[in-house]
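Q: I'd like to ask you about the structure that follows.
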Amino acid sequence: MSKYLVTGGAGFIGSHIVDALISAGHSVRVLDDLSTGQRVNLAHHGDAVELVVGDLRDMETVSRCFEGVRGVFHEAALPSVPRSVEDPLTCNAVNVDGSLNVFVAARDAGAKVVYAGSSSAYGDTEVLPKHEGMPVAPMSPYAAAKVATEQYLASFAKVYGMETVTLRYFNVFGPRQRNDSPYSGVIAKFCRNALQGETCRIEGDGLQSRDFTYVHDVARGNLLAMETALPGGTTMNLAGGDRISLLDMLDELEKLVGHKVERTHVDPRAGDVKHSQADARRAKELLGFTCEHTFASGLRETLDWYRESIGVTAVTPEKR
Ligand SMILES: NC(=O)c1ccc[n+]([C@@H]2O[C@H](COP(=O)([O-])OP(=O)(O)OC[C@H]3O[C@@H](n4cnc5c(N)ncnc54)[C@H](O)[C@@H]3O)[C@@H](O)[C@H]2O)c1
């Protein structure tokens, strides 16, 4: 059994990676500044998880976190596109400079790095499915930062001989996803709307489609990437390889809640990609990874979680 560091481990995806590591018998340290992450996401582990509350931008803290660590799952980031447009300097400082601190410390500690990349690297291309051989075309400071970071990581593999993997996530959904993210939280928002009898606001015609990937599958894919020997600098999509439109997703949600969900259409979001779908073959080939959850089974578990958590646990920042 090994010790792993999960940066951003108090956040949505990071906390599920922590769960998967603990279930596999590993020990875990988390580095998180709790800016969007929440202690409650780790509370069920008690003392089994060591939480270091600190900032990626502080090299000394980052280095300390690598003591005794075999590998790092680097999830910490400011994952908001609109925020990166408003404040590109902070986006760069956290997502690029902070990541560099993690990679330098991993190099010094001889730790393997599995990095949370993003499908936003592909930009607004019409080509579907999106495969790793396509050129990158970031459309926002956030996407540019994610691309720069994965390229830094690949360069570290080349010059320092490090073991590194970038996993490009698509639209991840599941329990603990906050519903106040304007970018990836559409399922989180619609679940709450549906449960509270509110109207779901669909941006545009609702025919836009996404490769929604259930978070338990993403966590499992991360562990596979850590355990599998791969050439340094490997980059791959981590998604189901399917896509579903927002309208079909709402139909599915209606079936699960058992009543009509009110909908209204508002203006499409500027710069929104119409369709997104991963070519999932590389992860299958290299890791043997396929999603175990169907969209419907993931949505059912997600809805159950929101049903239990609404009014009880912290999905709002004030309750952190
Ligand atoms: N959710 C998605 O659909 C999606 C898609 C593509 C890529 N990603 C990537 O996956 C990763 C995890 O995203 P998430 O959806 O779980 O978001 P999240 O906001 O829940 O998690 C990010 C975590 O990083 C922490 N953090 C932020 N700035 C920090 C700093 N300066 N120092 C230390 N910790 C800091 C936050 O507190 C939070 O716990 C991110 O790197 C994101 O870019 C997510």
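Q: On a C-alpha basis, how far is the centre of region 26-81 from the centre of region 149-216 in Å? Whole number, if you could?
A: 19
Q: Something else about it: Could you tell me the relative contact order of the chain? Use alpha-carbon pairs under 8 Å, at least six residues apart, and round to a whole percent.
A: Reported as a whole number, the value is 18 percent.
Q: Would you please state which residues of region 260-281 a label at L247 would reach in this model, taking the label point 7 Å out along Cα→Cβ and a backbone N cut-off of under 16 Å?
A: Counting only backbone N, you get 261-268, 274-275.
Q: A further question on this structure: Return, ordered by residue number, the residues of region 195-215 whose backbone nitrogen is under 11 Å from a label point located 7 Å along Cα→Cβ of K260.
A: Under cut-off, by backbone N: nothing.
Q: Here's another thing I want to ask about it. Residues with beta-carbon under 14 Å from that of E60, excluding E60: net charge, scoring Lys, Arg +1 and Asp, Glu -1?
A: So the environment of E60 carries a net charge of -2.
Q: Contour minus end-to-end for Q196 and R300, with contour as 0.36 nm per residue of separation and end-to-end as the Cα-Cα distance?
A: My answer for the length gained is 35.8 nm.
Q: Taking only Cα atoms, what is the 0 to 90° angle, nearest 10, from helix 186-196's long axis to the longest principal axis of the chain?
A: 50
Q: Given H placed 1.01 Å from N in the peptide plane, which residues other than close sequence neighbours of T235 have an amide H under 5 Å from its amide H?
A: T166
Q: Same structure again: Suppose a student asked you for the relative contact order of region 97-169, using Cα pairs under 8 Å spaced at least 6 residues apart; what percent would you report?
A: 45
Q: Here's another thing I want to ask about it. How about region 85-145: which GluC sites (Glu not before Pro) there are in a DSSP loop, with at most 13 other Cβ atoms within 10 Å of their Cβ?
A: Listed in order of number, the matching sites are E126.
Q: Determine ³J(HN,Hα), in whole Hz, for all residues of region 95-109 in sequence, where each value follows from phi through the Karplus function 6.51 cos²θ - 1.76 cosθ + 1.60 and θ = phi - 60°; x replaces Gly and Pro.
A: These are the phi-based 3J(HN,Hα) values: 6, 9, 4, x, 5, 4, 4, 5, 6, 5, 5, 5, 4, 5, 8 Hz.
Q: Let me ask something else about it. Pull up the DSSP beta bridges for the chain and report the antiparallel fraction as a percent, rounded to 5.
A: In the chain, approximately 5 percent of DSSP beta bridges are antiparallel ones.
Q: Another one. Treat the count of other C-beta atoms within 10 Å as a stand-in for reagent exposure and order H293, H74, H259 from fewest to most.
A: Listed from fewest to most nearby Cβ atoms, that is H259, H293, H74.
Q: Which shape class, rounded, prolate or oblate, goes with region 158-289 when its Cα gyration tensor gives a ≥ b ≥ c as root eigenvalues, a/c under 1.5 marks rounded, and past that a/b bigger than b/c marks prolate?
A: prolate
Q: What shape does region 23-113 have by the C-alpha gyration tensor, where a ≥ b ≥ c are the square roots of the eigenvalues, rounded means a/c under 1.5, and otherwise prolate means a/b greater than b/c and oblate the rest?
A: Cα axes put region 23-113 in the oblate bin.
Q: Given 0.36 nm per residue, what is the gain on full extension from E308 to T90 after removing their alpha carbon distance, in nm?
A: Taking E308 through T90 to full extension adds about 75.0 nm, to one decimal.
Q: In bins 10 Å wide, starting from 0, what share of all Cα pairs of region 64-177 does each bin hold, as a percent?
A: Reading upward from the zero bin: 14, 43, 34, 9, 0.
Q: Once amide H atoms are placed 1.01 Å from N in the peptide plane, what residues at a sequence separation of 5 or more from M162, or on another chain, have their amide H within under 5 Å of its amide H?
A: A157
Q: I need the shape label for region 233-280. Rule: rounded when a/c is under 1.5, else prolate if a/b > b/c, else oblate, with a, b, c from the alpha carbon gyration tensor.
A: Since a/c reaches 1.5 but b/c is at least a/b, the shape of region 233-280 is classed as oblate.
Q: Hey, what number do you get for the chain at 222 nm if only DSSP H runs of n ≥ 4 count, each worth -39500 (n - 2.57), divided across all residues, to the nearest 500?
A: -11500 deg cm²/dmol
Q: Over 30 Å between Cα atoms, which of K130/K260; K146/K274; K112/K274 qualify?
A: Those over the limit are K130/K260; K112/K274.
Q: Taking the chain as a Gaussian network, where each spring joins two C-alpha atoms under 10 Å apart, which residue of P231, P175, P138 fluctuates the most?
A: P231
Q: Next up: Going by alpha carbons, how many degrees (0 to 90, nearest 10) lie between the helix axis of 246-257 and the longest principal axis of the chain?
A: Between the helix axis and the principal axis of the chain, the angle is about 80 degrees.
Q: Select from A154, A43, A144 the residue whose mean-square fluctuation is largest in a Gaussian network model of the chain (Cα-Cα springs shorter than 10 Å).
A: Largest GNM mean-square fluctuation: A43.
Q: Build a GNM of the chain with springs between Cα atoms under 10 Å: which of A270, A283, A229 gets the top mean-square fluctuation?
A: Highest fluctuation among the options: A270.
Read-outs: derived from the displayed coordinates by stated rules, not from any lab. Predicted model, so just to flag it, every value in this text is computed and none were measured. Positions of Cβ are backbone-derived with ideal geometry, glycine not excepted, and every protein chain shown enters the neighbour counts.
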